[in-house]
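Asks: Just passing along the structure, written as structure tokens.
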Amino acid sequence: MNMLTLIEKKKRGEALSEAEIRFFITGYIGGEIPDYQASALLMAVCFMGMDAAETQALTQAMAESGERADLSGIPGIKVDKHSTGGVADTTTLIAAPLAAACGVPVAKMSGRGLGHTGGTLDKLAAIPGMRTSFTVRELMRLVERVGIAVVGQTGDLAPADRMLYALRDVTATVDSPPLIASSIMSKKIAAGCQALALDVKFGSGAFNPTPERAYELARTMAELGRLSGVRTTALITDMNEPLGRRVGNGLEVAEALDVLSGRIAGGRLLSVALALAAEMLTLGGIAPTPEAARPLLMRALQEGRGMEKLLEMVAAQGGDAAALERPGTLWPVRRVEEVLAGRDGYVARIDARAVGRAAGLIGAGRFRKDDVIDPAVGVTMHCRLGDAVHRGDPLATLHINAEGHAAEAR
């Protein structure tokens, strides 16, 4: 068995066996298969796809490529949530603390951004001192002590997915349904969650262009969860415009803080976060239905318990929780440039993908696996779909860290 044979086979559209998929995963994490051959196979999968058996085999191989967390000793049903990737999607920093504040143990394994989409780990990295790399034992202690932990993929948990995740980001092999589904579900299985609430997005800022594609991906992941003993529910949500008003790691953390503290209403960002948190409370046995969960979440939000839980989590993971009370000093803006409306009219379309890319371009975004995106850069949106605008009205503000990027971002 060798990689050239696997690449040729998948290039012809043939299904790989479970043994062949395990050969690939074992060889890649062991350093025997180089990035260029792994990239070739990923590209072949992007073009030719994978059937259900292949996707299941890939998911299990990645989940079993390292240690698996056993959270059974922690009381309660351990619940996670995950988004398939969007722009200005900071729901984790709102939904997860609110769910934990209502009594759901949240053990969340997150990743970095892929392509034009933001990643929770990139957002958390914007917080001074924030640590997201933990051993399995440390993860268990965090969830037991704080009730919530949001961590990255360490060398112990699903290392194959961690390595392939970074490779996909820089080889244009992100938007493949089987790769997306297996990546998400292998992380969740390895992290030991018992239930999972998914946010599967569609539209200009998502990897799924249509609701139908999003539904198929949701169905695939729900089946992967069932086969692995993880109860999984999914919401299909619209990503035809940025979910929040601010795009960029530091900007998005600040917006989540503003929502949790009640400084801003939250709009669609809060609406989706509450819907996901309601699913988490239902899966966790705190409420019988999502409808019954909503008043519990609103009470936690209004009483500031969601904000308190987020700050407690940040402090427990080494972050400067006190600094989050003054986010304006954390990520100072170097230079801003306004994008103005050229004529009167209504906002008929917002290309969320382009906005996400602009935020990365302004900050000299990640083009190599080890690139770190500047947390102080990004885009603030001043309009929504359907808004009436007049010539000269600000449509967006570009937060810029270097000369030359503004023109490219336009």
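The values are calculated or read from the model by the stated rules, or taken from the named source; none is laboratory data. Small disclaimer: the values here were computed from a predicted structure and weren't measured. No Cβ is skipped: glycine too gets one built from the backbone with ideal geometry, and neighbour counts run over all protein chains shown. These accessible areas exclude ligands, DNA and RNA; they are computed on the full protein's heavy atoms, side chains included. Shrake-Rupley method; radii C 1.70, N 1.55, O 1.52, S 1.80 Å.
Asks: I'd like the Karplus ³J(HN,Hα) series for segment 200-210: coefficients 6.51, -1.76, 1.60, θ = phi - 60°, whole numbers in Hz, and an x wherever there's a Gly or Pro.
Replies: 3J(HN,Hα) across segment 200-210, in whole Hz: 9, 9, 9, x, 5, x, 10, 7, 9, x, 10.
Asks: Report, by chain and number, residues whose modeled amide H sits under 5 Å from the one on D387, excluding near sequence neighbours (fewer than 5 apart, same chain).
Replies: Counting only residues 5 or more places away or on other chains, the set is V347.
Asks: When the chain is fully extended, how far beyond the present Cα-Cα distance does R334 get from R137, taking 0.36 nm per residue of separation? Could the numbers behind the result be given before it?
Replies: Values: separation 197, 0.36 × 197 = 70.92 nm, distance 4.07 nm.
My answer for the length gained is 66.9 nm.
Asks: Further question on the same structure: What whole-number value in Å² describes the accessible area per residue of segment 184-328 for a 1.4 Å probe?
Replies: That works out to 36 Å² for each residue.
Asks: Quick one: compute the contact order of segment 163-227, relative version, from alpha carbon pairs under 8 angstrom and 6+ residues apart, as a percent.
Replies: The value is 29 percent.
Asks: Probe 1.4 Å, all protein chains in place: accessible area of C46 in Å², nearest 10?
Replies: Answer for C46: close to 40 Å² accessible.
Asks: How much FRET efficiency would the formula 1/(1 + (r/R0)^6) give for R213 and T5, where r is the Cβ-Cβ distance and R0 is 30 Å, rounded to 0.05?
Replies: For R213 and T5, the calculated efficiency is 0.45.
Asks: Pop out the ³J(HN,Hα) list for segment 270-284 in order, Karplus 6.51 cos²θ - 1.76 cosθ + 1.60 with θ = phi - 60°, rounded to Hz; leave Gly and Pro as x.
Replies: Running phi through 6.51 cos²θ - 1.76 cosθ + 1.60 with θ = phi - 60° gives 5, 4, 5, 4, 5, 5, 5, 4, 5, 5, 5, 5, 5, 4, x Hz.
Asks: Evaluate 2.2 N^0.38 Å with N set to the residue count of segment 1-157, then give the Cα radius of gyration divided by it. Let's see the in-between values first.
Replies: Numbers: Rg = 18.1 Å, N = 157, 2.2 N^0.38 = 15.0 Å.
Normalised Cα radius of gyration, segment 1-157: 1.21.
Asks: Next up: Using 0.36 nm times the number of residues separating T26 and R294, minus their current alpha carbon distance, what extension gain do you get?
Replies: Details: separation 268, 0.36 × 268 = 96.48 nm, distance 4.42 nm.
Result: 92.1 nm gained on full extension.
Asks: Here is a follow-up. Leaving ligands and nucleic acids out of the surface, order F202, F23, F47 by accessible area at 1.4 Å, largest first.
Replies: My answer, sorted largest first, is F47, F23, F202.
Asks: May I pose another question? Could you pull out every one of the aspartates and glutamates with an alpha carbon less than 20 Å from that of K10, ignoring same-chain neighbours closer than 8 positions?
Replies: E18, E20, E32, D35, D51, E54, D161, D175
Asks: Arrange the peptides 173-179, 225-231 so that the one whose residues have, on average, the most other Cβ atoms within 10 Å appears first. Spell out each step's value before the answer.
Replies: Values: 173-179: 20.7, 225-231: 15.6.
Going by the mean number of other Cβ atoms within 10 Å, highest first, we get 173-179, 225-231.
Asks: Could you check the simple spin-label distance between A354 and R263, using points 7 Å along Cα→Cβ, in nm with one decimal?
Replies: About 3.1 nm, to one decimal.
Asks: Which FRET efficiency value, to the nearest 0.05, is calculated for R391 and A15 with the Förster distance at 60 angstrom and r the Cβ-Cβ distance?
Replies: Efficiency at R0 = 60 Å is approximately 0.60.
Asks: Got a number for carbon plus sulfur as a percent of the chain's accessible area, 1.4 Å probe?
Replies: 54 percent
Asks: Here's another thing I want to ask about it. Give me the distance in nm between label points sitting 7 Å out from Cα along the Cα-to-Cβ direction at R68 and E303, one decimal.
Replies: Each label point lies 7 Å from its Cα, and together they span 3.7 nm.
Asks: Among the DSSP beta bridges whose two residues both lie in the chain, what percent are antiparallel, rounded to the nearest 5?
Replies: Bridges in the chain that DSSP calls antiparallel: roughly 40 percent.
Asks: So, one more: Largest first, please: the extent of the C-alpha atoms of segment 207-336 along each principal axis, to the nearest Å.
Replies: Projected onto the principal axes, the Cα atoms of segment 207-336 cover 46, 34, 28 Å.
Asks: Within 14 Å, Cβ to Cβ, of A195, how many net charges do the neighbouring residues add up to if Lys/Arg are +1 and Asp/Glu are -1?
Replies: +4
Asks: Give the long-range amide H neighbours of L395: residues separated by 5 or more places, or on another chain, with amide H under 5 Å away, using H modelled in the peptide plane at 1.01 Å from N.
Replies: The list, which skips near neighbours in sequence, is V339, L340, A341.
Asks: Considering Cα pairs under 8 angstrom that are at least six residues apart, work out the relative contact order of segment 98-221 and quote it in whole percent.
Replies: Relative CO of segment 98-221 lands at 25 percent.
Asks: Then there is this: Which whole-number percentage describes the relative contact order of the chain, with Cα contacts under 8 Å and a sequence gap of 6 or more?
Replies: Normalised by residue count, the contact order of the chain is 19 percent.
Asks: Find the all-direction average of the projected area of the Cα convex hull for the chain, expressing the result in square nanometres with one decimal place.
Replies: Mean projected area of the Cα convex hull: 19.1 nm².
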